[in-house]
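The values are calculated or read from the model by the stated rules, or taken from the named source; none is laboratory data. Just so we're clear, the structure is a prediction, and the values are computed from it rather than from any experiment. No Cβ is skipped: glycine too gets one built from the backbone with ideal geometry, and neighbour counts run over all protein chains shown.
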2 protein chains.
Amino acid sequence: MKNFADKLVEAVKAKGSAICVGLDPRLDKIPRFLKMKAIEGGDRTPFGAAAAAILEFNKGIIDAVHDLVPVVKPQIAFYEIFGHEGIKCYEETLKYAKSKGLLTIADAKRNDIGSTAEAYAQAFLGEVSIFDEDEEVVMPVFDADAVTVTPYLGWDGIKPFVEECKKYGKGIFVLDKTSNSSSGDLQDLEVVEKNADGSQKSTMALYEIVGHLIDSWGANDIGENGYSFVGAVTGATFPDQAKRLREIMPNAYFLVPGYGAQGGKASDVAVCFGGGLAGRGEKGLGAIVNNSRGITNAYEILGYDESKYAEAAREAVMKMKMDLASVI
Amino acid sequence: MKNFADKLVEAVKAKGSAICVGLDPRLDKIPRFLKMKAIEGGDRTPFGAAAAAILEFNKGIIDAVHDLVPVVKPQIAFYEIFGHEGIKCYEETLKYAKSKGLLTIADAKRNDIGSTAEAYAQAFLGEVSIFDEDEEVVMPVFDADAVTVTPYLGWDGIKPFVEECKKYGKGIFVLDKTSNSSSGDLQDLEVVEKNADGSQKSTMALYEIVGHLIDSWGANDIGENGYSFVGAVTGATFPDQAKRLREIMPNAYFLVPGYGAQGGKASDVAVCFGGGLAGRGEKGLGAIVNNSRGITNAYEILGYDESKYAEAAREAVMKMKMDLASVI
């Protein structure tokens, strides 16, 4: 089973970019013609029509960018907001992206323990067994290539995902230092490190401790390119912390949110690259930089007619590619 | 708008119990006759049949216990594992519980920031606006009374939920000290507290810091009974920590997992009660104790035929009620 990190490296090299397109569709940013088509196009519930409009929108974006980027990351909240019909659209978005040769990261930030975490891991990464009495059916559900997870519950909350990753060649990205302004409420707290006799040795920020945990959680599963399938989320808005985390986690692939709309610049994300076997010698590996609104809403930013949203997204990706190339 | 904590107090008094029934259905524990009925009962996909069996099972449990308990807590992972058809079953389970006069806690442990957290908060607690151009439709989605959330992203990840709570009379339970054995990986870390001049004053466990944060996040929204709509999750498996958290968060309602199957005893959960205006004078307030498998799988535990799963669940609730009454 190929390690997810190796699949990611291959895709990054094949596409010549380390860009992740975030598919976080907001109904008020979906072009009117797509919404009208969805409303008029059949006997749909309001949520069903919303989901249909979003799926069409996503397909347009995917068609426009799939040859330029290795991976897309739909954020499940923007689908779950339309209930089960939104979740169906989420499934179809993942499937369509896969059919176009893209890797997919389900941005779901799941966190739980025991059989609950197993259920999440099977749903997002693995397969589910149904009716094992008379006829056993084993089927994938979301079948994403990777999923984001939250570390607050410790190893119990991570292990079930790691097991599915091993079994199915999938990956996880564990939240470490997030891009939001209040991320420090917990993540920047200064934690006491102790000597063997229990006395205080030094202190370390919580995000650094989490970095060490992520490093240890992935230590047994490092692929050919020196990266583990246990990656880390490190916000582009905190470059100093990201630099420190690159040192702490030499084998982790970084998923970097916060570029663009949230204020992160190419020069800020540059420190996230590196690690792995290639170290800083091989450029463009070790991090994928996410951009959501900056690409999917590019038609507004560029002042294009909304009918040209897909072309605008393609232009935004090409511009971002050049922007990143200037620093890595 | 009535504060969620006051609704909870009313329901606890009306039902004379502080029990939360966890609806975490696992297909291998669903009675065979329900699965056969679901398979034979229509032109269903495998996931659709699984969802149909689970919904019937849940309705049986709800019918059997709704007059004995104030609240049910379906864990969304066990529904999401069947994709959008599972999520439809989740919606229907919440709706059915509500129709039987039960409060509902969506156990989803959501965590994100900005517009993403807003989307989650609207989906679980509030309403969603659709197609605001030609015809505005505003609809609830899951419409739970409360949702569980994770604090790792800080206030940015909590605020959007608090806003929906205010607007719709809903509540949240923030993970603090969870019931799993590795919960200490992060939650027990010793954090440095500083003096105004930056020198080290003392240390405090991360779960205590999170307790202080939860206390402050709920400080503006305390209801008539002295409890805030910002509650806390504190595992029954860590009674010493729960006792400390009860002191730190006098206004938080505690949601207590870990009783029964995970090893928590009535004597362990006793410390979670108290707080509020009533303090420890009024018994049975301040905490709701969750039990999932111990109730929904009681037919196995009691050695009953699976056709009697609902009766067994009712017996298990009555036994738990007596068990809790012995210590509070």
Worksheet entry | Filter result for B:TYR309 (in contact with a Phe, Trp or Tyr (Cβ under 8 Å, 6 or more places away or on another chain), of a type in the set (Phe, Trp, Tyr) and buried (at least 19 other Cβ atoms within 10 Å of the Cβ)) | yes
Discussion item. Within segment B:122-176, take every residue that is more than 7 Å from every other protein chain (Cβ to nearest Cβ) and at positive phi and give me the one that is farthest from the chain's Cα centre (by Cα).
Written reply: B:GLY169
Item to complete: Quick one: count up the residues across segment B:216-273 that are assigned to a strand (DSSP E or B), of a type outside the set (Phe, Trp, Tyr) and in contact with a strand residue (DSSP E or B) (Cβ under 7 Å, 6 or more places away or on another chain).
Response: 9
Worksheet item: Is it true that B:GLU247 is within 14 Å of chain A (Cβ to nearest Cβ), closer than 28 Å to A:MET204 by Cα and either of a type in the set (Asp, Glu) or free of Cβ contacts under 8 Å to residues at least 24 places away in the same chain (or both)?
Response: no
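Please pick out the residue among B:GLY211, B:GLY263 that is on the phi > 0 side of the Ramachandran plot and not basic (Lys, Arg).
B:GLY263
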Discussion item. B:GLU80 - would you say it is charged (D, E, K, R), within 25 Å of A:PHE47 (Cβ to Cβ), facing chain A (nearest Cβ under 9 Å) and out of contact with any strand residue (DSSP E or B) (no Cβ under 8 Å at 6 or more places or on another chain)?
Written reply: yes
Discussion item. Looking for something of a type in the set (Val, Ile, Thr), touching a residue at least 24 places away in the same chain (Cβ under 8 Å) and at negative phi - is there at least one such residue anywhere in segment B:109-117?
Written reply: yes
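Test of understanding: among B:VAL128, B:VAL141, which residue is buried (at least 20 other Cβ atoms within 10 Å of the Cβ), aliphatic (A, V, I, L, M) and without any contact (Cβ under 8 Å) to a residue 40 or more places away in the chain? It would help to see each step written out before you state the result.
Working: B:VAL141 fails: without any contact (Cβ under 8 Å) to a residue 40 or more places away in the chain.
Only one candidate qualifies: B:VAL128.
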Worksheet item: Taking segment B:134-192, which residues are farther than 27 Å from A:GLU85 by Cβ and among the hydroxyl-bearing types (Ser, Thr, Tyr)?
Response: B:TYR152, B:THR178, B:SER179, B:SER181, B:SER182, B:SER183
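For every residue, the table says whether it meets (1) surrounded by 18 or more Cβ atoms within 10 Å (Cβ to Cβ); (2) under 22 Å from B:LYS109 (Cα atoms).
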{"residue": "A:ASP176", "(1), (2)": "yes, yes"}
{"residue": "A:GLN187", "(1), (2)": "yes, yes"}
{"residue": "A:GLY198", "(1), (2)": "no, no"}
{"residue": "A:TYR207", "(1), (2)": "yes, yes"}
{"residue": "A:ILE214", "(1), (2)": "yes, yes"}
{"residue": "A:GLY218", "(1), (2)": "yes, no"}
{"residue": "A:GLY226", "(1), (2)": "yes, no"}
{"residue": "A:PHE229", "(1), (2)": "yes, no"}
Worksheet item: Inside segment A:12-64, can you point out the residues that are under 26 Å from B:ASP112 (Cα atoms) and charged (D, E, K, R)?
Response: A:ASP24, A:ARG26, A:ASP28, A:LYS29, A:GLU56, A:LYS59
Practice prompt. Give the residue that is farthest from the other protein chains (Cβ to nearest Cβ), with candidates limited to residues of segment B:42-76 that are part of a loop (DSSP other than H, G, I, E, B) and surrounded by fewer than 18 Cβ atoms within 10 Å (Cβ to Cβ).
Written response: B:ASP67
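Looking at segment B:216-232 only, could you name the residues that are without any contact (Cβ under 8 Å) to a residue 12 or more places away in the chain and away from every other protein chain (no Cβ under 13 Å)?
B:ASN220
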Fill in: Test: residue in segment A:82-89 that is surrounded by fewer than 22 Cβ atoms within 10 Å (Cβ to Cβ), farther than 23 Å from A:ASP145 by Cβ, among the small types (Gly, Ala, Ser) and touching a residue at least 24 places away in the same chain (Cβ under 8 Å)
no
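If you take the residues in segment A:280-313 that are of a type in the set (Gly, Ala, Ser) and touching a residue at least 24 places away in the same chain (Cβ under 8 Å), which one is farthest from A:VAL65 (Cα to Cα)? Even if it seems obvious, please write down each step before you answer.
As a first pass, look at segment A:280-313 and keep what is of a type in the set (Gly, Ala, Ser): A:281, A:284, A:286-287, A:292, A:294, A:298, A:303, A:307, A:310, A:312-313.
Checking which are touching a residue at least 24 places away in the same chain (Cβ under 8 Å) leaves us with A:284, A:286-287, A:292, A:294, A:307, A:310, A:313.
Values: A:GLY284: 18, A:GLY286: 21, A:ALA287: 19, A:SER292: 13, A:GLY294: 13, A:SER307: 16, A:ALA310: 8, A:ALA313: 7 Å.
Once the filter is applied, the top-ranked residue is A:GLY286.
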Worksheet item: Going through segment B:92-113 one residue at a time, which ones are out of contact with any helix residue (DSSP H, G or I) (no Cβ under 6 Å at 6 or more places or on another chain) and either more than 7 Å from every other protein chain (Cβ to nearest Cβ) or surrounded by fewer than 24 Cβ atoms within 10 Å (Cβ to Cβ) (or both)?
Response: B:LEU94, B:LYS95, B:LYS98, B:SER99, B:GLY101, B:LEU102, B:ILE105, B:ASP107, B:ALA108
Worksheet entry | Those residues of segment B:163-174 which are under 13 Å from B:SER228 (Cα atoms) and surrounded by fewer than 23 Cβ atoms within 10 Å (Cβ to Cβ), in sequence order | B:LYS166, B:GLY169
Worksheet item: Within segment A:5-26, how many residues are within 12 Å of chain B (Cβ to nearest Cβ) and either touching a Pro at 6+ places or on another chain (Cβ under 9 Å) or crowded, with 20+ Cβ neighbours inside 10 Å (or both)?
Response: 3
Discussion item. Could you check segment B:17-32 and list, in sequence order, the residues that are modelled with pLDDT of 95 or more and not charged (D, E, K, R)?
Written reply: B:SER17, B:ALA18, B:ILE19, B:CYS20, B:VAL21, B:GLY22, B:LEU23, B:PRO25, B:ILE30, B:PRO31
Worksheet item: Just wondering, is there one or more residues in segment A:101-109 that are of a type in the set (A, V, I, L, M) and more than 23 Å from A:ILE19 (Cβ to Cβ)?
Response: no
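So in segment B:177-215, with the set limited to residues that are in a loop (DSSP other than H, G, I, E, B) and among the small types (Gly, Ala, Ser), which one is farthest from the other protein chains (Cβ to nearest Cβ)?
That would be B:ALA196.
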Discussion item. Looking only at segment B:131-171, count every residue that is more than 30 Å from A:ARG32 (Cα to Cα) and at pLDDT below 95 and tell me the total.
Written reply: 1
Discussion item. Only one of B:ALA5, B:ALA64, B:ALA49, B:ALA11 is in contact (Cβ under 8 Å) with a residue 12 or more places away in the chain, in contact with a helix residue (DSSP H, G or I) (Cβ under 6 Å, 6 or more places away or on another chain) and more than 16 Å from B:ARG293 (Cβ to Cβ). Can you tell me which?
Written reply: B:ALA49
